[in-house]
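First comes the structure, then the notes that go with it.
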Amino acid sequence: MQSTSDSFSPKTALSPGTLSHVGRPRQQTTTISVMTYDAKEYRQVPRVNLDEVEALKSAPGCKWFRVQGLGDVETLQDLGDMFGVHRLAMEDVLNTYQRPKLEDFEDYLFLVCKAIAPGEEENSLRIRQVSLVLGRGFILSFEEEPSELFAALLKRIANGRGRIRNMDPDYLAYAMLDVVVDNYFLLLETVGDQMEEIEESVMIQPTTDTLQELYRKKRLALQLRRALMPLREISSALLREYPHLVSESIAPYLRDLHDHVIQAIDILESLRENLSALSDLYLSSINNRMNEVMKLLTIIATIFIPITFIASLYGMNFKHMPELEMVWAYPAVVALMAAVAGGLLVFFKTRKWM
């Protein structure tokens, strides 16, 4: 599970805008691919250098420059300068612990979001930062490492399915955000199914393993919340604040995206409330079980108190105890003990203590 305890690159002595990778260096190299398209034509170049990027900047139609891997800081710096991206924005690209956000730089919008997927271990998340630069006629995207995150989107563009080939880059930005949000739904559905199993365990046979599982799920839900909550602000701001780069024609799609984000947040908050309720239910179940055990032990001890008194009384070694000489003294005392125990049991049942 990705955590903020991962080592950070030292930046305390560097001036603002100095580019340096912050986070785990998952991908040491940096690859750039370019996709250009319009309603009639489509072209994809899987690997280009900076000179080819410079030449393709002026190509007709929509252009998607996709950068995967953040290890080559020098290349990223040159690429940012080529597109006029502010050094502070490029600094955020390289900081893979950057909080999701949206900023307006007049000529382009800069957006950071978190793409999530289940990790290799149970109750872990694979969190990848995705940064977008939305300009006039192009999108520049940055991903921590190569992935299949946008594979379906690339296939849609290549096959000309849907309306994406007829739209501007702002629609492509929407489509990429929609893919990111859809992955949240898939993970939330998986967590919801696991919650049902935990709830059944809490109700039937709660154990310390159940409690540990609840805490692991709480940590996972907290990570999801940190990644998902800022998307509400981002989707809302895209709807109303940037008409110079986001056209009115995609407003219905952005509203739908915003609704999906709100829906995902509602599901997540419901899961978190359910986790808290299950934690309380677990503690109540444990306390109830302890109370039942204590009640049983108390009943047993209460029954044996008078029996112990009778046994200790006749265990005294006094010579002049008339009952000691009686033939039926022993069975009579045993019968008395049984009668006392039986009477106490009947009394407990009438008081509904058993």
The helix 73-82 Cα axis meets the longest alpha-carbon principal axis of the chain at an angle in degrees, between 0 and 90 and rounded to 10, of 50 degrees
Put in order of increasing Cβ neighbours within 10 Å, starting from the fewest, Asp266, Asp78 give Asp266, Asp78
Most exposed first, judged by fewest Cβ atoms within 10 angstrom, Thr30, Thr96 run Thr30, Thr96
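Could you pull out the chymotrypsin sites (Phe, Trp or Tyr not before Pro) across the stretch 292-341 that fall in loop regions by DSSP (anything but H, G, I, E, B) with no more than 10 other Cβ atoms inside 10 Å?
Hits after loop and neighbour filter: Phe318, Trp328.
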Ranking Ala152, Val334, Tyr215 by how far each Cα lies towards the positive end of the charge dipole of the chain (+1 on Lys and Arg Cβ, -1 on Asp and Glu Cβ), the top one is Val334
Cβ-Cβ cut-off under 13 Å around Ser33, Lys and Arg +1, Asp and Glu -1: the net charge is +2
Reduced to Cα centres, the span from the stretch 119-144 to the stretch 285-354 in Å works out to 72 Å
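Efficiency by 1/(1 + (r/R0)^6): what FRET value for Arg163 and His86, r their Cβ-Cβ distance, R0 = 35 Å, to the nearest 0.05?
The computed FRET efficiency comes out at 0.65.
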Taking a straight Cα-to-Cα line shorter than 22 Å from Lys217, and setting aside same-chain lysines fewer than 8 residues away, one finds Lys114
Taking Cα atoms, the helix 208-240 axis meets the longest principal axis of the chain at an angle in degrees (rounded to 10) of 30 degrees
Among the stretch 129-153, those whose backbone N falls under 17 Å of a label point 7 Å along Cα→Cβ from Val48 are 133-143
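Given R₀ = 56 Å, what would the calculated FRET efficiency be for Arg232 paired with Met294, taking r from the Cβ atoms and rounding to 0.05?
Taking R0 as 56 Å, the efficiency between Arg232 and Met294 is 0.70.
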About its Cα centre, the stretch 31-284 carries a charge dipole, from +1 on Lys and Arg Cβ atoms and -1 on Asp and Glu Cβ atoms, whose size in debye to the nearest 20 is 560 debye
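Return Val48, Val327, Val191 ranked ascending by Cβ neighbour count within 10 Å, so the fewest neighbours appear first.
Lowest count first: Val327, Val48, Val191.
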If N is the residue count of the stretch 223-346, its Cα Rg over 2.2 N^0.38 Å rounds to 2.67
Semi-axes (Å, rounded, descending) of the ellipsoid equivalent to the stretch 293-350 per its C-alpha gyration tensor are 28, 13, 6
Distance in nm between Glu273 and Ala39 label points, each 7 Å along Cα→Cβ, equals 4.8 nm
Relative to the chain, whose Cα atoms define the longest principal axis, helix 329-350 and its Cα axis are tilted in degrees, nearest 10, by 40 degrees
Whole-Å distance linking the alpha carbon centroid of the stretch 196-214 with that of the stretch 221-264 is 36 Å
If each K or R counts +1 and each D or E counts -1, the residues other than Asn183 whose Cβ falls under 14 Å of its Cβ total -2
Treating every alpha carbon of the stretch 31-284 as one equal point scatterer without solvent, the Debye formula yields log10 I(q)/I(0) values at q = 0.09, 0.12, 0.14 Å⁻¹ of -0.45, -0.74, -0.94
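Here, each number is a calculation from the coordinates, and none is a lab measurement. Values in this document were obtained by computation on a predicted structure and should not be read as measured data. Cβ atoms come from the backbone with ideal geometry, glycine included; neighbour counts cover every protein chain shown.
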